[in-house]
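What follows is a short report on a single structure.
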Amino acid sequence: MKFVDEVTVAVKAGDGGAGASHFRREKFVPRGGPDGGDGGRGGSVIVEATHSKRTLLDFRYQSRWEAENGESGSKNRKFGKDGADLILSVPVGTEIFRQDENGREEPVGDLAEDGARSIIARGGIGGRGNARFKSATNQAPRHAQSGRKGESGNFRLSLKLLADVGLLGLPNAGKSTLLSRISAAKPKIGDYPFTTREPQLGIVKTDSGKSFVVADIPGLIEGAHLGKGLGLQFLKHVERTKVLLHLVDLSPLLQEGGEEVLRRDLRTIDEELQQFSEEVAAKPRFLLFSKSDLLSEAHRAEVLEKVSEIAASEFPSAPFAVISSVSGNGISPCLQWISDILKDYSNEILE
């Protein structure tokens, strides 16, 4: 299924039905009074969040949506039937923004829970039939109201994934391999940049029985916060996370001058987070130096010492681990750290 996390839709609520203008005419009631019924209310357009949806793909191929009009009233004071509401189902985590004719936006809804709803266009009220206008001074009103028009407008739907942990790194850092190791997710894996072109979600279960959701964010590059690469499109998905896993490929340390390359890689991701949102950059972070399976015994001690020095100088307050996503070595302490951090959010951790 193609992942779509941003769409614009045009919606129109149903118009109210017209009230009826009618007089009772029966064989033995030659002067029956007005008996026109009211029109039905138009259907509203409602956006509803559901866990059964993972993408906004449905709206990519159909951008205009209309609710049902209310029926007109009829004789014998019969009211017209209300138009059916139109329910637009979206993934949990979808934000809604109303757009005006100048392209300006205002937020109107943030559907962060399953079943959350937002009425984005209300149906028009049905018109009153002529029976409503009978009075002591007007015994035979012929006037009936037209139904009101339903609301309409353009809206931008933007999906922010709901995950406990955001997995970040440069392209080809090994994020997809790590996600496949620690969860049942099966992301596309390849030895070339931008293998991951859409966020992937995986549910991780720890030895203690706790579970949490990890989002693998497509690889970031320098300038991601300005829209370069795939960054700007997906950086928003880390805004709701509570913890960041910062994955770095340690293999440059096997080459001359590799220490500066590793430091630059660490700083690139951090600077992009800072530029995008200081709040996001301040989230608890765990550094993971990946691909330790490439180390030979002859180089292992030296490389691990360099990793420790780099981590201490670049991110002195962040814990770190040297891991292999291929073998699984070094991953367990990281998962336990995440579980401990998320205890503060125990009501949000999946059991």
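The values are calculated or read from the model by the stated rules, or taken from the named source; none is laboratory data. All values derive from a computational prediction rather than experimental measurement. Backbone-built Cβ (ideal geometry, glycine too); neighbour counts: all protein chains shown.
Couple of notes before you dig in:
- Identity of the residue in segment 175-206, part of a loop (DSSP other than H, G, I, E, B) and at pLDDT 75 or above, that ends up nearest to Val238 (Cα to Cα): Ser183
- Residues that are outside any strand (DSSP E or B) and either surrounded by fewer than 16 Cβ atoms within 10 Å (Cβ to Cβ) or at pLDDT 95 or above (or both), drawn from segment 4-18: Ala13, Gly14, Asp15, Gly16, Gly17, Ala18
- Among residues of segment 231-288 being β-branched (Val, Ile, Thr) and under 23 Å from the mean Cα position of the chain (by Cα), the one that is modelled with the lowest pLDDT is Val238.
- Among the residues making up segment 287-331, those that are of a type in the set (Ser, Thr, Tyr), more than 22 Å from Arg264 (Cβ to Cβ) and surrounded by fewer than 12 Cβ atoms within 10 Å (Cβ to Cβ) are Ser296, Ser327.
- Gly42 being in a loop (DSSP other than H, G, I, E, B) and either modelled with pLDDT under 95 or farther than 30 Å from Gly129 by Cβ (or both): no
- Residue pairs meeting the criteria (Cβ under 7 Å; at least 6 apart or on separate chains; first at negative phi, in segment 324-338; second of a type in the set (S, T, N, Q) and at pLDDT 85 or above): Ser324/Ser292; Ser325/Ser290; Asn329/Ser292
- Some residue of segment 63-86 being within 13 Å of Val47 (Cβ to Cβ), crowded, with 19+ Cβ neighbours inside 10 Å, among the small types (Gly, Ala, Ser) and in contact with a Gly (Cβ under 8 Å, 6 or more places away or on another chain): yes
- Those helices (runs of 4 or more DSSP H) lying entirely in segment 252-351 with at least 2 residues in contact with a Phe, Trp or Tyr (Cβ under 9 Å, 6 or more places away or on another chain): 258-276, 297-314, 331-341
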